[in-house]
Amino acid sequence: MQLKIALPSKGRISDPAVKLLEKAGIGIKDTANRKLFSETYDEDTSVMFTRAADIPEFVADGAADLGITGLDLIEEKEADVEILEDLNFGSAKLVLAVPEDSKINNILDIDNGAIVATEFPNLTKKYLKNKGINVKIVELSGSTEIAPFIGVADIVADLTSTGTTLKMNHLKIIDTILESSIKLIANKESFKDKNEKIEAIRTGIKGVLDAEGKKLVMMNVNKESLEDVKKAMPGLTGPTVSQVVSNEDIVAVQAVVDEREVFNTVNRLKKIGAKDILVVPIERII
Ligand SMILES: Nc1ncnc2c1ncn2[C@@H]1O[C@H](COP(=O)(O)OP(=O)(O)OP(=O)(O)O)[C@@H](O)[C@H]1O
Ligand SMILES: O=P(O)(O)OC[C@H]1O[C@H](OP(=O)(O)OP(=O)(O)O)[C@H](O)[C@@H]1O
Ligand SMILES: [Mg+2]
């Protein structure tokens, strides 16, 4: 059964999306000559590269079975897709912002008929309409921050993550329309008809996400210190202990440890008498 995944061809989420698939074991063949369609190392799975903003529609209408794109773009297009996983990258907020010296401080200060410049006309209009405010939308395709300063709009609805762009342009946030991040999405029919394959891919991807920020810590331990070592190593399901064949007094111990705890855990283990400690990166936890 053939499965097609739509990936962002350019922009900030393209590389992370490709790398995520790679780590999940569905690496793209011939990345040097990236084409619009590419094969992967899984012979049943191919990828297509398109703009992130088009992926919700392509997945909704079945041009692709799976896709990786932002929640903002999915909601803007009102794409009828199955959202399978949050992928833990590309978080941004769609906010309403006005010049720092504006008298508008929250949405209640917005006059009916005010003009809002945005790349997200549907989301913006719907959000404000729900609050009983009718605005006029000017749809721009980028650099919306400039709009209030050239007399094109009173307000902007734009994405922000670090906040640098808003600050640089002397804009203040007055409200948040949507908190977005990147999602794995599926076509609804495909999700039923190709469920087994889709679940296998989802499991691979989840494995990568679960491994993020985790290390495998391995060491040799004298049997009499084993109980102390076990206590010092939290691990996911407790450490794995195996006999070292060449020396009956020594066991090999390994456990998954949170990256942030590795430094202290290793120091504790050394004090207890652990030897040959290895800290190893983990690609996937299935
Ligand atoms: N700081 C940010 N600004 C804009 N989009 C962001 C930001 N952080 C994450 N994203 C997310 O990235 C996705 C945008 O993907 P897109 O391919 O349009 O990238 P881009 O880098 O903005 O490209 P473009 O050159 O077309 O502006 C959206 O889902 C958006 O929510
Ligand atoms: O909070 P920050 O980290 O500063 O990021 C926000 C900025 O990044 C995006 O622009 P992008 O680079 O995609 O350019 P564009 O406006 O042409 O889409 C977004 O539209 C903001 O302008
Ligand atoms: Mg952009």
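No value in this document is a laboratory result; all are computed from the given coordinates. It should be emphasised that the depicted structure is a prediction, and the values quoted were computed from it without experimental measurement. Note that each Cβ is placed from the backbone with ideal geometry, even for glycine, and that neighbours are counted across all protein chains shown.
Near residue 138, the amide H atoms lying under 5 Å from its own belong to 116, 117, 118; only residues 5 or more places off or on other chains count, and H is placed 1.01 Å from N.
Compared with the direct C-alpha span, the chain from residue 106 to residue 164 gains 18.8 nm at full extension, assuming 0.36 nm per residue. Using a cutoff of 8 angstrom between alpha carbon atoms and counting only pairs six or more residues apart, the relative contact order for the chain works out to 19 percent. Available extension along the chain between residue 260 and residue 152 is 34.1 nm, counting 0.36 nm per residue and deducting the alpha carbon span.
Using the average count of surrounding beta-carbon atoms within 10 Å as a protection proxy, the listed peptides 205-217, 45-57 rank, highest first, as 45-57, 205-217. Taking segment 265-286 and a reference point 7 angstrom along Cα→Cβ of residue 252, the backbone N atoms nearer than 12 Å belong to 278.
Explain nothing, just the number: relative contact order of segment 169-254, from Cα pairs under 8 Å at least 6 residues apart, as a whole percent.
24
If you plug the beta carbon distance of residue 12 and residue 39 into 1/(1 + (r/R0)^6) with R0 = 25 Å, you get a FRET efficiency near 0.50. For the chain, complete DSSP H runs whose alpha carbons reach 15 Å or more along their own long axis and whose mean Kyte-Doolittle score is -0.5 or higher are 195-211. For the pair residue 275 and residue 242, a Förster radius of 22 Å applied to the C-beta separation gives a FRET efficiency near 0.90, rounded to the nearest 0.05.
Ranked by the mean number of other Cβ atoms within 10 Å per residue, highest first, peptides 35-42, 174-181 order as 174-181, 35-42. Residue 130 versus residue 93, label points 7 Å from Cα toward the beta carbon: distance in nm? About 1.6 nm, to one decimal.
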